[in-house]
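The values are calculated or read from the model by the stated rules, or taken from the named source; none is laboratory data. Everything numeric here is computed off the predicted structure, so don't read it as measured data. No Cβ is skipped: glycine too gets one built from the backbone with ideal geometry, and neighbour counts run over all protein chains shown. Areas reflect the complete protein model, heavy atoms only, side chains present, ligands, DNA and RNA absent. Shrake-Rupley method; radii C 1.70, N 1.55, O 1.52, S 1.80 Å.
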Amino acid sequence: MIALGVNIDHVATLRQARRGVCPDIIAAAKICEMAGAHQITVHLRKDRRHIQDKDVHALKETLLVNMNLEMAAEDEIIGIAQSIQPYTVCLVPEKREEITTEGGLDVAGQVVRLTEVVQTMHAKGIRVSMFIDPEPGQVEASVKSGADAVELHTGAYANAIGAKADRELSRLWDCAEMVADTSMELHAGHGLTVRNLLPVARMPFLHEVNIGHDIMARALFIGLDAAVKEILGVLRDVEMAFD
Ligand code: PXP
């Protein structure tokens with residue numbers, strides 16, 4: 001079955017609105033875990049706008065499932081990842097003024113530097129995923145860097161409608177087929193929802209999706225346990241269709 005990573009950054013965003021302790025992100029992570037999520041994803045941003053260093057430490061201590069740490073390939077955060085040793089780090093571009101991660105990482109434009117980062121992480125037993133736009137050049141560069149996985153940025157697909165959404169979907173599928181010919185795992189994420197997930201989840205050799213905003217938004221109305229299970233239901237439907 002395709003693995004579900006639940007991104008819990010938005011729980012921390014709500015907590016940071018009051019700089020207090022509620023809502024408790026460990027409680028949120030545990031509900032996701034008990035609902036069947038395969039992984040918890042958090043983004044430790046340089047500006048610490050939501051997830052804090054103490055959260056990453058606490059999650060590492062308490063999670064039973066894997067932790068996927070999204071991060072910029074910058075020295076301070078690399079140092080934190082080396083000491084915490086999450087299961088995977090997902091390298092993302094980061095701009096201070098953006099609301100959320102906007103584009104994919106330009107791996108092709110910095111292969112030498114990112115290859116060093118991959119080696120640094122591998123030396124600590126940490127797997128590396130590159131968050132890239134669905135472009136063949138970025139897939140090729142990710143292979144060169146020695147990354148273990150690529151996470152295809154599904155934001156353009158999620159934001160498009162009609163024929164444009166179909167075009168974005170076929171860009172994703174083309175890259176998925178390229179990734180299938182490499183030793184890298186295929187992941188996908190950004191803007192995925194219970195409504196738009198199915199066509200992406202049908203991509204060949206998809207191993208993992210990371211979903212945050214839609215799960216947390218729906219959790220407000222139907223509860224976190226139900227919101228996670230809804231997504232798992234879509235992934236299970238895909239698995240059954242392949243059986
Ligand atoms: N994957 C990556 C690399 C991301 O940066 C994000 C957003 O933090 C997500 C997945 C989840 O995106 P969304 O919150 O839109 O589901």
Legend entry - Cross-link reach list, lysines versus residue 30, counting only Cα pairs under 28 Å and skipping chain neighbours closer than eight places: 46, 54, 60, 124, 229
Inset, instruction - Report residue 150's accessible area, 1.4 Å probe, all protein chains in place, as a number in Å² to the nearest 10. - result: 0 Å²
Inset, instruction - Just the ratio, please: alpha-carbon radius of gyration of the chain over 2.2 N^0.38 Å, N its number of residues. - result: 0.95
Inset, instruction - Give a residue-ordered list of calculated ³J(HN,Hα) values for the stretch 143-151 (Karplus: 6.51 cos²θ - 1.76 cosθ + 1.60, θ = phi - 60°; whole Hz; x for Gly, Pro). - result: 4, 4, 6, x, 4, 8, 7, 10, 9
Legend entry - Separation in nanometres of the label points that stand 7 Å from Cα toward Cβ, at residue 85 and residue 18: 3.7 nm
Legend entry - Three-way shape label, the stretch 140-185, alpha-carbon gyration tensor, a/c 1.5: prolate
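Per residue, how many Å² of accessible area does the stretch 130-171 show with a 1.4 Å probe?
Numbers: 1770 Å² over 42 residues.
For the stretch 130-171, the per-residue accessible area is 42 Å².
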Legend entry - Whole-percent carbon and sulfur share, accessible surface of the stretch 194-234, 1.4 Å: 64 percent
Inset, instruction - Heavy atoms only, probe 1.4 Å: what % of the accessible area of the stretch 1-113 goes to carbon and sulfur, would you let me know? - result: 55 percent
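How large is the accessible surface per residue of the stretch 22-77, computed with a 1.4 Å probe and reported in Å² as a whole number? List each step's numbers first, then the result.
Working: 2290 Å² over 56 residues.
Accessible area per residue, the stretch 22-77: 41 Å².
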Legend entry - the stretch 120-186, accessible surface, carbon-and-sulfur percent (1.4 angstrom probe): 50 percent
Legend entry - Separation of the residue 53 and residue 220 label points, Cα + 7 Å toward Cβ, nm: 3.2 nm
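Averaging over all projection directions, find the projected area of the Cα convex hull of the stretch 203-243 and quote it in nm² with one decimal place.
Values: hull surface 12.5 nm².
With every direction weighted equally, the projected area is 3.1 nm².
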Inset, instruction - Using the Karplus curve 6.51 cos²θ - 1.76 cosθ + 1.60 with θ = phi - 60°, work out ³J(HN,Hα) for each residue of the stretch 59-76 in order, rounded to whole Hz, and write x for Gly and Pro. - result: 5, 4, 6, 10, 5, 8, 8, 5, 10, 10, 9, 7, 6, 6, 7, 10, 3, 4
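Heavy-atom accessible area per residue, the stretch 172-242, 1.4 Å probe: how many Å²? Intermediate results must be reported in sequence, preceding the final value.
On the way: 3300 Å² over 71 residues.
Result: 46 Å² of accessible area for each residue.
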Inset, instruction - Amide H neighbours of residue 188 under 5 Å, at least 5 residues apart or on other chains, H built in the peptide plane: list them. - result: 152, 208, 209, 210
